[in-house]
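The values are calculated or read from the model by the stated rules, or taken from the named source; none is laboratory data. Treat the numbers as computed from the prediction; the structure is a model and nothing was measured. Here the Cβ is made from the backbone with ideal geometry for all residues, glycine too, and neighbour counts use every protein chain on show. We work out accessible area using only protein heavy atoms, side chains counted, and drop any ligands, DNA or RNA first. Shrake-Rupley method; radii C 1.70, N 1.55, O 1.52, S 1.80 Å.
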Amino acid sequence: MVPLEAGREVAVSIPNSKLCIVEGMGHDISLSFVDEIAKCIVLFIQQSNN
C-alpha cells in the first residue's frame, strides 16, 4: 500500500521477501482483490517450504 517503486525498494531490502503486485489495487483492499491476495500468500508459503 505504498507507491510501486517504494514497494520494489522495500522488497529488495528484505531478505527472502517476495513482491506481489496486484494490478488495479490502490489503498483500499476491496473484496474483489481477496482472491489475488490469497494467491500471493499461498505462493509465498509454498516457495518458503521448498
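With runs of 4+ DSSP H residues as the only contributors, calculate the mean residue ellipticity of the chain at 222 nm using -39,500 (n - 2.57) per run, divided by the residue total and rounded to the nearest 500.
Dividing the helical sum by the residues of the chain leaves -15500 deg cm²/dmol.
Between V12 and V42, what is the spin-label point distance in nm, taking each point 7 Å from the Cα along the Cα→C-beta axis?
Simple spin-label model gives 3.1 nm for this pair.
If you place +1 on the Cβ of every Lys and Arg and -1 on the Cβ of every Asp and Glu, how big does the dipole about the Cα centre of the chain come out, in debye to the nearest 20?
200 debye
Kindly report the accessible area of the chain per residue (heavy atoms of protein chains, probe 1.4 Å, no ligands, DNA or RNA), in Å².
Normalised by residue count, the accessible surface of the chain is 85 Å².
One-quarter of the Cα convex hull surface for the chain, in nm²?
That works out to 3.7 nm².
For the chain, with the dipole built from +1 on Lys and Arg beta-carbon atoms and -1 on Asp and Glu ones, taken about the Cα centre, which of C20, I37, N49 lies farthest toward the positive end?
Of the listed residues, the answer is N49.
Expressed as a whole percentage, what fraction of the accessible surface of the chain belongs to carbon and sulfur atoms when a 1.4 Å probe is rolled over the protein heavy atoms?
Of the solvent-accessible surface of the chain, carbon and sulfur hold 60 percent.
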